[in-house]
Amino acid sequence: MSDVTIGLLHPGEMGSAIGKCLVDAGHRVLWDPDGRSTATRERAGAAGLTGVPIAEILARSYVILSVCPPHAVLDVARQVAGFRGLYVDANAISPGTAREVAAIAEAGGASYVDGGIIGTPPVAPGFIRLYLSGGRAGEIGALFDGTAVDARVVPPPGTASAVKMAYASWTKGSAAVLLAARALARAEGVESVLLQEWAISQPGLEKRWDAAEGAAAAKGWRWTGEMVQIAAAMAAAGLPEGFHQAAAEIYGRYQQ
């Protein structure tokens, strides 16, 4: 599939990198610069995206791709209500929230594809997987042929978000536990002892803590919502939700 017009909402760090892959594959990628920051405008320009009003995105696009923070997914879906093309939600949301997005998109006449992104912004093959599910998931996968994005279709419909939730429940959930462990030691005055014990019995853990704290400081505002979504997914599956509610609180403290 080539020369397709795609609306991208919105070109953050991940979205702009994915948008660039689509541009490099020969597609036209539109975005709405209204109210967006200078940093976002610079990212979009560097990625080769074309800024147009949202009404023009709706009129010209065959596909709209939503890549936004979890707390915004329903608002973004409502923003494009009435779009009758192919709507892809590639956000870190629970299967239950994905069904809500699907209902909004389909009520307006769009077809819906559920997506889940795992990895870092794509700069070379192997950095990122885009899991896709839904009756038309293969069409979206084909848009990324020959790009750095490894698009993988997973059946049945609605399961791409479940893959993302299960994966991030460990990667970001365990990072939150690590942050909390050192915070406890600090609060009790035994941080230096804990670090010595890590060096003996858990070599490399302090380095993992450094990475976790850096990521939390940069992205905690976004990961808080993701942990809330994972907690909801756990609860819906009959599993304890408290782990990830606590992780949301940990990441929330990095926003203060």
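The values are calculated or read from the model by the stated rules, or taken from the named source; none is laboratory data. As the structure is a prediction and not an experimental result, all values here were calculated from the model. Note: ideal-geometry Cβ built from the backbone for every residue, glycine included; neighbour counts use all protein chains shown. Side chains included, ligands, DNA and RNA excluded: accessible areas come from the protein's heavy atoms. Shrake-Rupley method; radii C 1.70, N 1.55, O 1.52, S 1.80 Å.
Worth pointing out:
- Within the range 214-256, the set of residues being in contact (Cβ under 8 Å) with a residue 60 or more places away in the chain and polar (S, T, N, Q) comprises just one member, Gln229.
- Residues in the range 105-125 include at least one that is open to solvent by 20 Å² or more (accessible area, probe 1.4 Å) and in a helix (DSSP H, G or I).
- Failed item in (1) in contact with a Leu (Cβ under 6 Å, 6 or more places away or on another chain); (2) open to solvent by 40 Å² or more (accessible area, probe 1.4 Å); (3) among the small types (Gly, Ala, Ser), with Gly138 passing the rest: (1)
- Residue match in the range 58-65 (condition: aliphatic (A, V, I, L, M), open to solvent by 70 Å² or more (accessible area, probe 1.4 Å) and either in contact (Cβ under 8 Å) with a residue 40 or more places away in the chain or touching a His at 6+ places or on another chain (Cβ under 9 Å) (or both)): no
- Selection status of Leu74, at pLDDT 95 or above and either of a type in the set (Gly, Ala, Ser) or open to solvent by 10 Å² or more (accessible area, probe 1.4 Å) (or both): yes
- Within the range 138-163, the residues that satisfy the criterion of being of a type outside the set (A, V, I, L, M, F, W, C), under 17 Å from Pro122 (Cβ atoms) and outside any helix (DSSP H, G or I) are Asp145, Gly146, Thr147, Asp150, Arg152.
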